1. Just one of 134, 171 is under 22 Å from residue 8 (Cβ atoms) and either modelled with pLDDT under 85 or not charged (D, E, K, R) (or both); which is it?
2. Only one of (1) outside any helix (DSSP H, G or I); (2) at pLDDT 90 or above; (3) of a type outside the set (D, E, K, R); (4) within 18 Å of the chain's Cα centre (by Cα) is not met by residue 94, so which one is it?
3. So which residues in region 142-158 are at pLDDT 60 or above and surrounded by 12 or more Cβ atoms within 10 Å (Cβ to Cβ), if there are any at all?
4. So for region 32-51 (the condition being assigned to a helix (DSSP H, G or I), in contact (Cβ under 8 Å) with a residue 60 or more places away in the chain and either charged (D, E, K, R) or surrounded by 14 or more Cβ atoms within 10 Å (Cβ to Cβ) (or both)), does at least one residue qualify?
5. Which one is nearest to the chain's Cα centre (by Cα) among residues in region 97-129 that are acidic (Asp, Glu) and within 20 Å of residue 56 (Cα to Cα)?
6. Which of (1) over 24 Å from residue 200 (Cα atoms); (2) at pLDDT 95 or above is the odd one out, the single condition residue 104 does not satisfy?
7. Could we say that residue 109 is of a type in the set (Ser, Thr, Tyr), touching a residue at least 60 places away in the same chain (Cβ under 8 Å) and either surrounded by fewer than 19 Cβ atoms within 10 Å (Cβ to Cβ) or closer than 27 Å to residue 191 by Cβ (or both) here?
8. Condition first: under 14 Å from residue 43 (Cα atoms) and part of a helix (DSSP H, G or I). Now tell me which residues in region 1-23 satisfy that.
Amino acid sequence: MRLADAEGLEAVSMARVAKELGFTTMSLHRHVENKDELLQLMWNASAQGAEELVLEGDGWRPRLRMWALVQRRILDAHPWITQMPMGAPPLAPNSLTFVERGLETLDGTGLDDEDKLRVIGLLSSYTLSEARMAYDAAPAAQQAQVPGAGEELGLPWDFRALLRELVDERAYPHLHRIAWDGRPEVSEHEEFSFGVERILDGVQALMDKDRRD
């Protein structure tokens with residue numbers, strides 16, 4: 001994990017990990033079968049402490065919101081998770097415990113277990129997608145901040161700034177209006193929180209529908 005945090009997931013190999021530990025690659029294979037198993041162990045370790053997680057708030061919504069924000073903090077601390085193969089959901093103990101904590105937030109809501117799992121999956125997919133886009137955008141933002149000789153660091157291009165350079169009012173009237181509305185660009189985490197709230201709105205609508213039915 002230390003290697004991946006510092007240098008990205010591509011820095012992690014059986015040979016590199018063995019070298020960092022002061023062992024041969026062959027000796028590492030006695031403990032970890034292959035890189036796929038190593039990645040699963042890393043993913044599980046990233047959720048360490050899930051069994052001690054206390055989700056606070058009055059009712060399901062603030063607790064589930066906190067669950068999503070905790071997940072996002074984990075991804076921001078270990079962005080290499082967003083680059084891992086996603087062929088199957090993580091099934092190691094810490095990961096399962098974290099999912100269990102999420103499901104517990106929906107106790108007493110009237111949702112059946114299948115819908116609870118779908119809600120947790122939807123929030124996880126959204127959180128992972130947003131974290132992946134933020135991670136992929138980081139190099140471009142850093143390049144945009146490289147100053148010229150004697151210049152101070154500038155702000156990276158934001159979406160509205162790009163639109164002002166690109167869109168024609170006649171061809172793209174709606175985008176043009178957004179580009180020039182004068183509002184400051186919101187932070188990526190504000191955008192993330194907006195999406196979380198809309199998902200939670202949808203969960204509430206599902207609960208209301210179930211009560212009517």
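The values are calculated or read from the model by the stated rules, or taken from the named source; none is laboratory data. The model shown is predicted, which means the values in this text are computed figures rather than measured ones. When we count neighbours, we look across all protein chains shown, and the Cβ atoms used for this are built from the backbone with ideal geometry, even at glycine.
1. Details: 171 fails: under 22 Å from residue 8 (Cβ atoms).
Selected residue: 134, the only one of 134, 171 that is under 22 Å from residue 8 (Cβ atoms) and either modelled with pLDDT under 85 or not charged (D, E, K, R) (or both).
2. The number of the failed condition is (1).
3. Residues of region 142-158 at pLDDT 60 or above: 142, 158.
The answer is 158, and nothing else.
4. no
5. First, pick out the residues of region 97-129 that are acidic (Asp, Glu): 100, 104, 107, 112-115.
Then drop every residue that is not within 20 Å of residue 56 (Cα to Cα), which leaves 100, 104, 107.
Numbers: 100: 18, 104: 21, 107: 24 Å.
Across region 97-129, the extreme among qualifying residues is 100.
6. For residue 104, the exception is condition (1).
7. Yes, satisfied.
8. Selection gives 2, 3, 4, 5, 9.
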